[in-house]
1. Within the bounds of the stretch 219-230, is there any residue that is closer than 17 Å to I158 by Cα, touching a residue at least 12 places away in the same chain (Cβ under 8 Å), of a type in the set (A, V, I, L, M) and touching a strand residue (DSSP E or B) at 6+ places or on another chain (Cβ under 6 Å)?
2. Scanning the stretch 229-275 for residues that are β-branched (V, I, T) and in contact with a Leu (Cβ under 9 Å, 6 or more places away or on another chain), which turns out farthest from H52 (Cα to Cα)?
3. Among the helices (runs of 4 or more DSSP H) confined wholly to the stretch 357-476, which include 2 or more residues that are surrounded by 14 or more Cβ atoms within 10 Å (Cβ to Cβ), among the acidic types (D, E) and in contact with a strand residue (DSSP E or B) (Cβ under 9 Å, 6 or more places away or on another chain)?
4. Restricting to the stretch 24-47, name every residue that is touching a residue at least 24 places away in the same chain (Cβ under 8 Å), farther than 25 Å from K408 by Cβ and surrounded by 13 or more Cβ atoms within 10 Å (Cβ to Cβ).
5. Testing V254 on (1) under 21 Å from T319 (Cβ atoms); (2) touching a Lys or Arg at 6+ places or on another chain (Cβ under 9 Å), one condition comes back false. Which one is that?
6. In the stretch 260-293, which residues are modelled with pLDDT of 90 or more, more than 18 Å from V305 (Cβ to Cβ) and either within 20 Å of the chain's Cα centre (by Cα) or outside any helix (DSSP H, G or I) (or both)?
7. What's the number of the condition E328 fails, among (1) in a loop (DSSP other than H, G, I, E, B); (2) at pLDDT 90 or above; (3) surrounded by fewer than 20 Cβ atoms within 10 Å (Cβ to Cβ)?
8. Can you find, within the stretch 212-236, the residue that is surrounded by the fewest Cβ atoms within 10 Å (Cβ to Cβ) among those that are at pLDDT 95 or above and of a type in the set (D, E, K, R)?
Amino acid sequence: MYQYNVASRDANEFIADEEIRSSLNEAVKLAQDKDYVAGLLAKAREYKGLSHREAAVLLEIDDDEIIAQMFKIAKKVKEKIYGKRIVLFAPLYLSSYCVNNCKYCGYKCSNKIGRYQLSQEEVREEVRALETLGHKRLLLEAGEDDERCPIEYILECIKTIYNEKFANGAIRRVNVDIAATSVENYRKLKEAGIGTYILFQETYHKPTYLDMHRGPKQNYEWHTEAMDRAMQGGIDDVGIGALFGLYDYRYETVGLLMHAEHLEAVYGVGPHTISVPRLLPAYGVDYDQFPYLVNDRDFKKLVAVIRLAVPYTGMILSTRETAEFRKELLEVGISQMSAGSCVGVGGYAQRAKAEAEGCEEKPQFDLADHRKPLDVIKGLVKDGYVPSYCTACYREGRTGDRFMALAKTGEIANCCLPNALLTFEEYLNDYADEELTEMGRKMIDEEIKTVPNEKQRAKALEYLRRIRQGERDLRF
């Protein structure tokens, strides 16, 4: 019998290849059993989640009618947990120096591109530019290079970002996506006040992982066990993800869910977020060498299956996808998305300066959604979604198992909905044009009436009045 242990600290045991293959093989047969599939959908409809083996069965479904049911249930589950709220954020790239030579990445060290790293003054300029776009939540990104971009540099950038204050507030939450590191360094990130630590596994298939990576990142165990070390370092909000297109999407999705189950089993709380990036063309990358690219139909299906499997976990979508397809994915599970993203160093304020200095800096990958945040928000409102810049849970200590306890009882709705509406009102007051202001205020005035708890609703109305009179950062 192969070694699979969800509670093991060994990556080869909690992401056991044999367990994934056994799950997928069993799923081929079970997917033909309509009664069994109906039972899985009924379980998912009750917000009970699915095991990785149950999710594997739904990934095998190819019947359009059943897939349509899955999409419908995924939408119901998402709206029950998250309502109509969509959290918005922006990535901030700090450094493109990297010692790894990953086959799929535009920052790979063999690429002859201009490299750039922001000074602290340039970080401040980037933050100012992001603030003028209305952003309150950032995701820091950097290539892996311990000499040029050590943990001390990341910590200094975090301090710089939090210290920038504006008439309309400040960046309120800094999430971090940097290379796997030590427990000691995760503890330093926690002490610096980060929100979520995010790290994509890229691929859970170990042979593919080893083939795709050269450099420090090729250490599969060190990378896969990073979230364990982050938890041990005191970071209780972690975000996982796979880069879909490196290997078979069914294998990756099952591995991703096994990773979530492992964190739940060992630390009592699963991932705060799951990201679903899809492989895109990048400078110096031979896109045709990847035989496992995921088509739109299968990608939408895997997003829905993840939502059914982990109903209380946030799901993040980047600007890798087109505006039209992002709209479809919001319907089946996505609860967070980037807006107005730049995926190159100095992409917001420093791009012109870098070009003037002859630095031919290239982005990490090509984007598909080039809309400005204002246009993204207009699209969300027109489609009935509430744009949210809320960062209250992190700042009020509702993280890790404390957040999940509130989410699973439904009590979080009395905080999340009013906080989303209040931060949206801030955006309307400070950044919106006349068209969005009219649409947004109409939405806010209707949605605030639906806050479940009467006392919270009354308090929300009072906060709304005060924000419209000029106050900022009122939250539950």
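1. Scanning the stretch 219-230 turns up no residue that is closer than 17 Å to I158 by Cα, touching a residue at least 12 places away in the same chain (Cβ under 8 Å), of a type in the set (A, V, I, L, M) and touching a strand residue (DSSP E or B) at 6+ places or on another chain (Cβ under 6 Å).
2. Among those residues, the one meeting the criterion is I235.
3. Filter on the stretch 357-476 gives 413-430.
4. Result: L24, E26, A27, L30, A31, V37.
5. (1)
6. Step one: of the stretch 260-293, the residues modelled with pLDDT of 90 or more are 260-279, 290-293.
With more than 18 Å from V305 (Cβ to Cβ) added as a condition, the list becomes 262-263, 265-269, 272, 279, 290-291, 293.
The answer is H262, L263, G268, V269, H272, L279, F290, P291, L293.
7. So E328 meets the others, but not (1).
8. Of everything passing the filter in the stretch 212-236, E221 is surrounded by the fewest Cβ atoms within 10 Å (Cβ to Cβ).
The values are calculated or read from the model by the stated rules, or taken from the named source; none is laboratory data. This is a predicted model, so every value here is computed, not measured. Please note: Cβ atoms are built from the backbone with ideal geometry, for glycine as well, and neighbour counts cover all protein chains shown.
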